[in-house]
1. Quick test for you: out of Ala105, Ala123, Ala109, pick the one residue that is of a type in the set (A, V, I, L, M) and closer than 30 Å to Leu296 by Cα.
2. Identify all residues within segment 62-75 that are buried (at least 20 other Cβ atoms within 10 Å of the Cβ) and part of a strand (DSSP E or B); write none if there are none.
3. Select from segment 271-294 the residues that are out of contact with any Asp or Glu (no Cβ under 8 Å at 6 or more places or on another chain), among the aliphatic types (A, V, I, L, M) and part of a helix (DSSP H, G or I) and list them in ascending order.
4. Just one of (1) within 19 Å of Lys415 (Cα to Cα); (2) of a type in the set (Asp, Glu); (3) modelled with pLDDT under 95 trips up Glu97, so point out which.
5. Only one of these is surrounded by fewer than 21 Cβ atoms within 10 Å (Cβ to Cβ) and under 27 Å from Cys328 (Cα atoms): Tyr153, Tyr92. Name it.
6. For Thr268, all conditions in the list (1) part of a helix (DSSP H, G or I); (2) β-branched (Val, Ile, Thr); (3) surrounded by fewer than 17 Cβ atoms within 10 Å (Cβ to Cβ) hold save one; what is the number of the exception?
7. Considering every residue within segment 373-391, establish whether at least one is farther than 23 Å from Glu97 by Cβ, touching a residue at least 24 places away in the same chain (Cβ under 8 Å) and under 18 Å from the mean Cα position of the chain (by Cα).
8. What residue, of Val311, Val281, Val326, is of a type outside the set (Lys, Arg) and over 28 Å from Ala257 (Cα atoms)?
Amino acid sequence: MGSDFKVIVVGGGPIGLIVAHALHRADIDFVVLERRAAVVEEKGASLVLNPTSLRVMHQLGILESLLPLGGELKTHVSLTKDGHVFNESPRYRTIRENHGHGLIAFDRAEVVKTTYDSLPDIAKEKVLTNKQLSNIETKVDGVKVTCSDGSVYHGSIVIGADGVHSKTRHLMRDIALKDDPRRDWDPEEPFIATFRLIYGSFPTPSHPGEGNDTQSPGKSVSYFSGPKRSWFFLTKKLPKPTSERNHYTKEDIDTAAAEFADFPLNRTVKVKDVWPNMLVVGMTDLQEGIAKHWSLGRIVLVGDSCHKLTVHMGLGFNNGVQDVVVLCNRLRATVQGASDSNPSASALAHVFDDYERVRKSSECSLVGDLANSGLETRMYTWYNTFYRFLSRYIVVRSVVESLALRFSFSPGLQKAQALDYIEASEVMNGKLPWLHPMKTSIP
């Protein structure tokens with residue numbers, strides 16, 4: 001576009017790299033600041049991509065390289081701690097029929113690597129590591145970002161894609177309250193954790209394509225099996241909800257995992273069978289919530305930095321991708337429409353406000369996804385008598401699950417948006433139409 005407009009992206013994880021792709025394709029200059037020493041690290045467990053994100057990956061030219069690395073989920077059973085199977089569900093087949101593709105489980109590191117490798121060299125050069133965000137200064141005509149190593153970057157806006165404990169969000173809050181100490185703003189830690197999560201990956205001990213859950217009072221297990229690697233998520237109800245950030249040691253993880261040793265992953269394999277062969281393991285509190293404020297001046301948030309869902313239903317990453325799509329569609333149009341391709345502060349504020357409005361509205365599925373993922377977590381952990389009854393005796397009825405998929409989950413997927421400035425054919429074609437079809441030609 002030949003302008004000085006530049007985006008500083010904080011965070012080079014899965015969502016930050018999607019931002020990089022979207023900005024590159026929008027012909028908007030950018031730099032990505034990643035605090036870790038390497039873009040690709042063996043960190044985290046699995047990311048489950050649904051058809052909404054697969055569509056965007058197709059637009060960005062990533063899908064063809066990514067698909068062979070994942071395992072489509074095909075079978076689902078629900079078990080009790082003693083191994084009793086009380087439900088077998090066709091949910092994954094139904095999703096494929098409705099939306100043209102099923103859910104695919106990937107190793108997080110492989111999603112990051114493939115997304116990064118798919119960037120052209122000119123864009124890769126803009127992804128910088130060992131860049132820990134230290135400070136953000138906002139000015140009338142731009143932003144100044146300082147990293148802990150003393151390096152300074154100047155740009156037009158900051159996009160914070162730096163996760164649930166976002167430094168960008170914390171600095172944005174500081175700026176807001178410094179400007180007006182009485183201002184109504186989010187607390188420093190805006191999300192509440194009611195559950196603790198142990199996540200891990202290990203060599204696949206069974207056939208690929210399983211997506212199971214094991215339920216018990218206060219504890220649950222989710223299991224996904226891929227072609228070579230599988231993943232579990234061990235969830236436990238905390239003694240009381242907390243917004244404090246906890247750090248866990250290896251000893252903490254081992255002690256907590258021992259409580260799940262005899263929990264089944266499927267009909268034949270238990271947690272204790274795969275524990276000696278763990279490839280990655282970690283433990284964290286499982287936050288939930290949507291921040292009240294997603295932007296301030298020239299700073300805007302995406303992904304887990306502004307909303308956090310539980311791992312159940314795999315909706316966290318997918319909602320982050322939708323953030324990028326909705327934001328970048330508006331940002332590109334505004335930059336392109338500005339007389340010098342340098343939108344005013346008021347024009348950018350309108351972009352950010354409209355992005356947040358749309359994402360929080362019924363035009364998108366975020367609010368419903370937060371409720372549904374939290375509901376599933378509480379059902380699987382038999383949070384109380386009501387949730388136990390709902391999970392064991394109501395949702396297991398095929399007609400109930402079919403209605404839930406048709407009138408709750410599927411309509412949420414149908415609402416998903418695609419990048420409106422990239423031509424692409426629609427590769428996800430199912431029984432239900434997308435409300436925002438791909439642009440097959442751009443004027």
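1. Testing whether each residue is of a type in the set (A, V, I, L, M) and closer than 30 Å to Leu296 by Cα leaves just Ala123.
2. Gly71
3. Val274
4. Every condition holds for Glu97 apart from (3).
5. Tyr153
6. (1) is the only condition that Thr268 fails.
7. yes
8. Val326
The values are calculated or read from the model by the stated rules, or taken from the named source; none is laboratory data. Remember, it's a predicted structure, so these values are computed and weren't measured experimentally. With ideal geometry, Cβ positions are generated from the backbone for all residues, glycine too; neighbour counts draw on all protein chains shown.
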